[in-house]
Amino acid sequence: MSTATLERAKVTAWLQDYGVYLAVVVLLLFNVVFTENFLSAANFRTQLVQAAPVCIVALGMALVIGTEGIDLSVGSVMSIAAALIPLYLGAGSLTAIVVAVLAGIVSGLFSGYLVAYLGIQPIIATLALLVGGRGLALVIAHGQLVQLHNRDFLELGTGDVLGVPIMVIVAAVLAVLAGLVVQRTTFGRHLVAVGGNRAASTLAGLPVKRVLVGVYVISGALAAVAGVLATSRLAASDPNDLGLLMELSAITAVVVGGTPLSGGRVRVLGTVFGALLMQLVHATLIKHNLPDSTAQMVQAAIIVVAVYVARERSSR
Amino acid sequence: MTAATEEDVAMTTAPVLEVTGVTKRFPGTLALDDVGFVLRPGEVHALVGENGAGKSTLIKVLTGVYQPDEGEVRHLGEPVTFKRPIDAQRAGISTIYQEVNLVPLMSIAGNVFLGREPRTRTGLVDWSKMYAEARELLKGYGIDDDVKRPLHTLGVGAQQMVALARAVSTDAKVVIMDEPTSSLEPREVETLFEVLNRLHAEGIAIVYVSHRMDELYRVCDSVTVLRDGRVVHSGPLKPLPRIELVSLMLGREIRQIREEGVTAFGEEHDVEREPLLKAEGLSGLRKLHDVSVSIRPGEVVGLAGLLGSGRSETARAIVGAFPLDGGSVLLAGKPLKRGKIAQAVRAGIALLAEDRKTDGIIPNLSVRENIVLAALPTLSPFGLVSKAKQDKIVKIFMERLRIKAAGPEQKVSELSGGNQQKVLLARWLATGPKILLLDEPTRGIDVGAKAEVQALIDELAQEGLGVLLISSELEELIDGSDRVVVLRDGSAVGELTGDRITEENVLTAIAAESTGGDNDVHRHP
Amino acid sequence: MTAQSATPVTERNAALAGVLQRQGAAVVLVLGIAAAWFAFPRFGSPDNLRDLALQSSFLAVIALGMTFVIISGGIDLSVGSNYALGGVLAAYGAQYGLVVAILLPLAVCSLIGFVNGLLIARTGMAPFIVTLASLLFARGLLLALTSEGATTYKVDAGSAFLWLGQGTIFGIGVPVYLTLVLFALGGLLLRRTRFGQSVFAIGGAEQSALLMGLPVARTKISLYTLSGALAGVAGILTAAYLQSGVTVIGVGTELDAISVVVIGGTLLTGGAGTIVGTLVGVLLRTLIQNVINQIGTLDSNYQTVVSGAFLLVVVVIQRLLARSRTR
Amino acid sequence: ALTLTSCTSREESPAAPSSGGGPAASAQSAAPSADGCTLQKTGYPKVDLKTAVVGFSQSEKEANPFRITETQSIRDEAAKLGIASDKLLVTNAQSDLNRQISDIKSMLDRGAQLLVVAPLNSDGLQPAFDAAKAKKVPVITIDRKVTSQPCTDYLTFIGSNFVEQGKRAAEETARVTGGTGKVAILLGSSGNNVTTDRTKGFKDELAKTSGLSVVAEQTGEFDRSKGQSVMEQLIQSHPDITAVYAENDEMGVGAVNALKTAGKTPGKDVKIVSIDGTRNAVQLIVDGSYNAVIESNPRFGPLAFQTLQKFENGEPIPASIVITDDQYDETNAAQKVGNSYK
Ligand SMILES: Nc1ncnc2c1ncn2[C@@H]1O[C@H](COP(=O)(O)OP(=O)(O)OP(=O)(O)O)[C@@H](O)[C@H]1O
Ligand SMILES: Nc1ncnc2c1ncn2[C@@H]1O[C@H](COP(=O)(O)OP(=O)(O)OP(=O)(O)O)[C@@H](O)[C@H]1O
Ligand SMILES: [Mg+2]
Ligand SMILES: [Mg+2]
């Protein structure tokens, strides 16, 4: 009996660690069998390109969640980035991108400051930015969508290098960097420590506040990058709609990927696969032409199952 | 506490609680291995063993926190399965767990009566009655505070007393106490023993876990010794010589232990003249009033005082973890910025905090990561983590402090309490500090490890470190310190050096002119 | 969601902060009302005040449930969808009479809350993600019931059910009274029952609550069921008020509810909070909207900037107040 | 933040947030019907439009071409009529139905004597109408018809017939595809009346053409990027799609992007028909990447005030005033592109 329970424990532990990957594989197999025209390079390309912005935002979100925080402002940051781009595109696409990312960094500094130095709860600090940020973007853009024509800039969203879409390359590079940051830098180790026990980290002399500001800055910057890429892909700056509900998609990807919301742990690869999983779910539902009602219910069920499998045994 | 006849009675009556063949596995650890344990009515049963021997685990199995993998639990002869702690409580088993488990933001009274609040006829919680009863009850435990205050405004020791009051007031038939005295100071230990006596007189069975030998022999009738998850001895305590008990726990020869003595502190240290650390005029939050402490290299300075006298605050203030209104801290003549802990740590000051659960371990992280945490910047050139360097440090300290874990990658939260404490000590030693502030460093540590830690403190002082030692165990403080600063109500009221450091002098200094008159009565021998 | 307790000292701050945050919001509310009264001639008109009260009541009922959940250290993102679903079900049920109109949405919304609670309490999944999933689920269910939102159930003009939303007593809307009654009951439940004490205990220290033998799982399940039920009640009132089961309501309402609860001084970390504070929070929000309307010239895009900034200012002020007090 | 806009590094010159020079909405038949609603019938007091306080309740943020143009049109017309700016109250419900009700009530409370409402939803505004009725204030709803009782609950509705728009889109689809092919529908937001009507009109009409079949209908939430994503998925799973019907222009433009990325030629390989009449979509017709746009004219200002004036003059007002929506296709897009709004 006890060996059986041990076996069970092993299986659960395995599922916890590899559940997302398994789910992605299962869903891929399902689609290969049941979805028409699924096995094509173009299709995989589409899925990867669509997953890229969520994935990038989710990477930043994973770091924030690792510190026991949450960043609800990412969608609004994307929209601010989008609103700024047409204003600076005349000075070259690089300038526009730099300005947009700077805006992301500034808003990250802002929420980081609120959380770290004023001690405001992350969810509420970033909620304020979620509400106000999009308004700000719309004010900047006069509520207008602006069509973009700059070739260089549009290349970001549509071009590719050696057959791989630029957006996918950017996402992959950022994922690798995020992985390195978490595993191999003091900053990364500090951030999980801060998430694991903030009081103890403070007493251990860690630069807790700087670490907190750092993660929000990274999250803001990544959200801005995602905003830039999505804008380029859309060939238009659309501050009203860009990144709507992105915070929820990103959090879902992170949690489905096995990073607990209670902090103290970050799974970068899991996050990437979490984003891919949600993308595949989405694609599957569309390709099978399920009505919106069913699609939402199915998504709900899949989130619950995925998180159930990946949950920490004793996390709240 | 027991007469022979009483003992005989105890032996013949049916057990209130009995476990047979209990095995509990955790990934990588066999915490309990075929354990049998019998608790008879009216006895005080000591449960002893080294850190990580399985005491807390056994208690958790008894009270439904864990389910045993094998074996059975019997209550009053009937096999039972306690699925949750509440099942055990309903069966009349009340427990004080090793770490204080109360609700910090809730009022003191609320904590005492949580889950069984007195109610009015309409079924609503009767607050005034609850406050009155709580006030009455807690008086018996030496707590005179406003019971409406949130619990966390009490010191750890007082919280422990609240937990005790709560556990005892539930009309339990069995009371289980996992290291209840580890955070109490002598006066409170006395209060605890009074309570124990009362319970004993009422025929309530008690399981008592402690690493302090004196206490065990004072209050316990019988003993069960655990070693590595197995029962190595069970029987009456009194006939068992102390030295033999220790040898059973450690699994070492008696002769070997004899050589080691009571505390492992050596002689006076060579103390340099110039203080390395000077804290002057520390004041803040009405907890500290103009406290000055200096520590020379190679010196162990003891901080004595009652609970709440401001010892912890003093230590925290030195590293900058306590907001100050006035005062300064100078390290080697250079002032430290107030409130900058990171700067203090970098300058070589280390604080081993009192409450390891909230201020110490990072539960999710591994033993390895917990050890290297504070030293990380120095081990990581350009902010990049070097695993090889870490491994070396971790290996050294796990061996030196004999940390018992499945391996460096085990989660620290899975370690026994004492081993967690060692991990924290390792964390600070790994930073190569100049000044060590130790707030209750041996709390919850078994005899063997305690001696090791004490020897280590000695050795570190020998090597030139300045140590500030806070301990509620007078013996430890007196043996270990070269100088003792006595605090009372947040002020330094005396300093003892050399031969003047005796138990009597310290106690006199602590109690003299004390405002609460009944302290004096208690103190003076 | 974050433990604010860096040291016992800051923990103490947090507790004091609790007290001050409550008072802080109330102070801002009183000042705000006074300023609005002074600045806008029509603000103090009985009609306007009556409408302020009525308009606040729907969100207030939702926020009441949210307050319980947040004090227990959880969060319920499903309330917005659940609220809309409740409204649709009530309007649908109204065809079959008053009883069905009330019981059907109550039953379904409670059930969704119950399942939330069950998943959270029994599997240890994070409330955020469980209720995020049921946000989707409830919205999906609503769409399925209304043929993808194409059908709007209307309540007959003569139906007694409408009184719940449109009726008045002494000129003040019935929902206002109901809200006050629910808040009074909520206050009683939170402050004067063992259940309420358990809620605080779970939010303050869940592990301890478990070891102290509190029925943690049962309490959590009840909490989320309560939150679901209250969202349903708000849906019922709204359906009666709007005379139809509108499908587009409730989007983002969960965030509104969370912000008013927090503005009202309840700690998102759990363990502390008040019912009255939440009421203050709701009124503050309504006040802001009303003031924006009274000003009248604010570009609609600026309005959201103002809302966000206001939320921030209140929270920062609360925080600074709490800090200055402890020094 | 606003200084940013004066920066010269913009790609294009800033678009003035005005309705542009397009034609105002106009009604099909100006002939007053005898059984219309009159001032007398309602018993409302007569007010002078020039000096009256007029309230306008907008439903959503002015953050898309339709809403921007609609609000601007009301403001412009009020200014043209010489209504003082403090006599025109404008509120925005930020997509919150309860808020729109209280917006309307608060405008009544502040003395509004005439109301123009762009309803957020067809149902649910009853309490607001009741309040207006109690104060004897006539309400004109624009762009979206409500299910309440005209003349009693509100005066009249001015706007397009969404079902009709869907129907015309289907006709256009049939025309541009030559009557055969597979159609994908990009739906608007679920639960929205506009979505429902435009879908119904389109499908009913499309069923008449046997050669056309709907192979997929998925929501793009009236949003360009969602429309684009959904279209990208659909192209993969249904490579044989020959036409797309988008329930607003934004999603149609998204579909154009998706088709281009997939290596298809929008407007040729896959025909695109949508509803709205925004500048971007009409320009695409001119460029040849789009096939037809059914207009949904947001410039209600003149017609709304005209109707109010008539009502105050005692003329009968019909229960609904359906405007004539224009249509853009390859034959006229180039000349009429100036009529489109942005
Ligand atoms: N949740 C857990 N997961 C994994 N291992 C555990 C867990 N709890 C306890 N252990 C292991 O079980 C063993 C017994 O631990 P236990 O806490 O019972 O020791 P103890 O005798 O109470 O020690 P101490 O005196 O230090 O409190 C230890 O090796 C510990 O690492
Ligand atoms: N018996 C008590 N009754 C009421 N309050 C107490 C009691 N003991 C401590 N406190 C409160 O706890 C606070 C902190 O005490 P603290 O633990 O820091 O004291 P200490 O001198 O460091 O003692 P120790 O570390 O040995 O527990 C004090 O400010 C005091 O308000
Ligand atoms: Mg233990
Ligand atoms: Mg202390």
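The values are calculated or read from the model by the stated rules, or taken from the named source; none is laboratory data. What you see is a predicted model; the values in this text were computed from it and never measured. Neighbour counts are summed over all protein chains in view; Cβ atoms, including those assigned to glycine, are modelled from backbone coordinates with ideal geometry. The area values use the complete protein model at the heavy-atom level, side chains included, leaving out ligands, DNA and RNA. Shrake-Rupley method; radii C 1.70, N 1.55, O 1.52, S 1.80 Å.
Candidates C:GLY113, C:GLY117, C:GLY73, C:GLY80: the one that is at positive phi and at pLDDT 90 or above is C:GLY73. Of the strands (runs of 3 or more DSSP E) lying entirely inside region B:143-254, the ones with 3 or more residues being more than 20 Å from the chain's Cα centre (by Cα) are found at B:222-227, B:230-236. Scanning region C:120-140 for residues that are open to solvent by 40 Å² or more (accessible area, probe 1.4 Å) and touching a helix residue (DSSP H, G or I) at 6+ places or on another chain (Cβ under 6 Å) yields a single hit, C:PHE137. Being part of a helix (DSSP H, G or I) and either within 14 Å of chain D (Cβ to nearest Cβ) or open to solvent by 20 Å² or more (accessible area, probe 1.4 Å) (or both) holds for only one residue in C:THR247, C:THR225, C:THR219, and it is C:THR225. Out of region A:66-81, which residues are of a type in the set (Val, Ile, Thr), within 15 Å of A:ASP241 (Cβ to Cβ) and in contact with a Pro (Cβ under 9 Å, 6 or more places away or on another chain)? A:ILE80 - this is the single residue of region A:66-81 that is of a type in the set (Val, Ile, Thr), within 15 Å of A:ASP241 (Cβ to Cβ) and in contact with a Pro (Cβ under 9 Å, 6 or more places away or on another chain).
Candidates B:GLU440, B:GLU459, B:GLU504, B:GLU475: the one that is on the phi > 0 side of the Ramachandran plot and either in contact with a Gly (Cβ under 9 Å, 6 or more places away or on another chain) or open to solvent by 10 Å² or more (accessible area, probe 1.4 Å) (or both) is B:GLU440. Name every residue in region D:139-160 that is of a type outside the set (Ser, Thr, Tyr) and crowded, with 20+ Cβ neighbours inside 10 Å, in order of residue number. Within region D:139-160, D:VAL139, D:ILE140, D:ILE142, D:ASP143, D:ARG144, D:LYS145, D:VAL146, D:LEU155, D:PHE157, D:ILE158, D:GLY159 meet the criteria. B:SER94 meets the stated requirement of being more than 8 Å from every other protein chain (Cβ to nearest Cβ), at pLDDT 85 or above and not in a helix (DSSP H, G or I).
So that you can scan it fast, the table gives a plain yes or no per residue for (1) buried (at least 24 other Cβ atoms within 10 Å of the Cβ); (2) more than 30 Å from C:THR269 (Cα to Cα):
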residue: C:PHE40; (1), (2): no, yes
residue: C:ILE70; (1), (2): yes, no
residue: C:ASN82; (1), (2): yes, no
residue: C:GLY93; (1), (2): yes, yes
residue: C:LEU104; (1), (2): no, yes
residue: C:LEU118; (1), (2): no, no
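Please determine, by comparing only the residues of region B:192-234 that are of a type in the set (S, T, N, Q) and open to solvent by 20 Å² or more (accessible area, probe 1.4 Å), which one is farthest from ligand 1 (Cβ to nearest atom). Looking at residues that are of a type in the set (S, T, N, Q) and open to solvent by 20 Å² or more (accessible area, probe 1.4 Å), I get B:ASN197.
If you go through region B:77-88 and keep only what is touching a strand residue (DSSP E or B) at 6+ places or on another chain (Cβ under 8 Å) and facing chain C (nearest Cβ under 7 Å), you end up with just B:PRO85.
Would you point out the residue of region B:154-212, among those that are on the phi > 0 side of the Ramachandran plot and away from chain C (no Cβ under 14 Å), that is farthest from ligand 2 (Cβ to nearest atom)?
Checking each candidate, the answer is B:GLY203.
Considering B:ALA350, B:ALA315, the condition of being out of contact with any His (no Cβ under 6 Å at 6 or more places or on another chain), within 12 Å of ligand 2 (Cβ to nearest atom) and at pLDDT 80 or above is satisfied by B:ALA315 alone.
Scanning region B:409-430 for residues that are open to solvent by 10 Å² or more (accessible area, probe 1.4 Å) and farther than 20 Å from B:ILE362 by Cα turns up nothing. Of all the numbered requirements in (1) in contact with a strand residue (DSSP E or B) (Cβ under 6 Å, 6 or more places away or on another chain); (2) open to solvent by 20 Å² or more (accessible area, probe 1.4 Å), B:TYR97 misses one, and that requirement is (2). Looking only at region B:334-355, residues that are touching a residue at least 24 places away in the same chain (Cβ under 8 Å) and either part of a strand (DSSP E or B) or among the aromatic types (Phe, Trp, Tyr) (or both) come to 4 in all.
Determine whether B:GLY229 is away from ligand 2 (no atom under 16 Å from the Cβ) and in contact with an Asp or Glu (Cβ under 6 Å, 6 or more places away or on another chain). Yes: the conditions hold for B:GLY229.
With respect to B:VAL35, determine if the residue is crowded, with 17+ Cβ neighbours inside 10 Å, more than 16 Å from ligand 3 (Cβ to nearest atom) and at pLDDT 90 or above. Considered against the rule, which asks whether it is crowded, with 17+ Cβ neighbours inside 10 Å, more than 16 Å from ligand 3 (Cβ to nearest atom) and at pLDDT 90 or above, B:VAL35 comes out as no.
Conditions tested, residue by residue: (1) at pLDDT 80 or above; (2) more than 27 Å from the chain's Cα centre (by Cα); (3) closer than 28 Å to A:THR67 by Cβ; (4) away from ligand 4 (no atom under 16 Å from the Cβ).
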| site | (1), (2), (3), (4) |
| --- | --- |
| B:VAL319 | yes, no, yes, no |
| B:LYS337 | no, yes, yes, yes |
| B:GLY383 | no, yes, yes, yes |
| B:LYS387 | no, yes, yes, yes |
| B:ASP391 | yes, yes, yes, yes |
| B:VAL394 | yes, no, yes, yes |
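Report yes if some residue within region B:100-122 is touching a strand residue (DSSP E or B) at 6+ places or on another chain (Cβ under 6 Å), outside any helix (DSSP H, G or I), within 16 Å of ligand 1 (Cβ to nearest atom) and open to solvent by less than 40 Å² (accessible area, probe 1.4 Å); otherwise report no. No; the residues of region B:100-122 include none that is touching a strand residue (DSSP E or B) at 6+ places or on another chain (Cβ under 6 Å), outside any helix (DSSP H, G or I), within 16 Å of ligand 1 (Cβ to nearest atom) and open to solvent by less than 40 Å² (accessible area, probe 1.4 Å). Only a single item in (1) within 14 Å of chain D (Cβ to nearest Cβ); (2) modelled with pLDDT of 90 or more; (3) within 17 Å of the chain's Cα centre (by Cα) is not met by C:GLY252, and it is number (2). Listed by first and then second residue, the pairs linking a residue in region B:427-443 that is in contact (Cβ under 8 Å) with a residue 24 or more places away in the chain and more than 16 Å from ligand 1 (Cβ to nearest atom) to a residue that is open to solvent by less than 10 Å² (accessible area, probe 1.4 Å) and among the hydroxyl-bearing types (Ser, Thr, Tyr), with Cβ atoms under 9 Å apart and 6 or more places separating them unless they lie on different chains, are B:LEU437/B:THR314; B:LEU438/B:SER471; B:ASP439/B:SER471.
Out of region B:286-312, which residues are open to solvent by 40 Å² or more (accessible area, probe 1.4 Å) and either out of contact with any Pro (no Cβ under 7 Å at 6 or more places or on another chain) or not assigned by the TED database to the domain that holds B:ILE435 (or both)? Listed by number, the residues that qualify are B:ARG286, B:LYS287, B:HIS289, B:ASP290, B:SER292, B:LEU307, B:GLY308.
Here is the figure for region B:92-127: residues that are more than 22 Å from C:ALA205 (Cα to Cα) and in contact (Cβ under 8 Å) with a residue 24 or more places away in the chain total 1. Whenever a residue of region A:27-39 is free of Cβ contacts under 8 Å to residues at least 12 places away in the same chain, its partners that are of a type in the set (A, V, I, L, M) and in a helix (DSSP H, G or I), lying with C-beta atoms within less than 7 angstrom and at least six residues away or across chains, give the pairs A:LEU39/A:VAL32.
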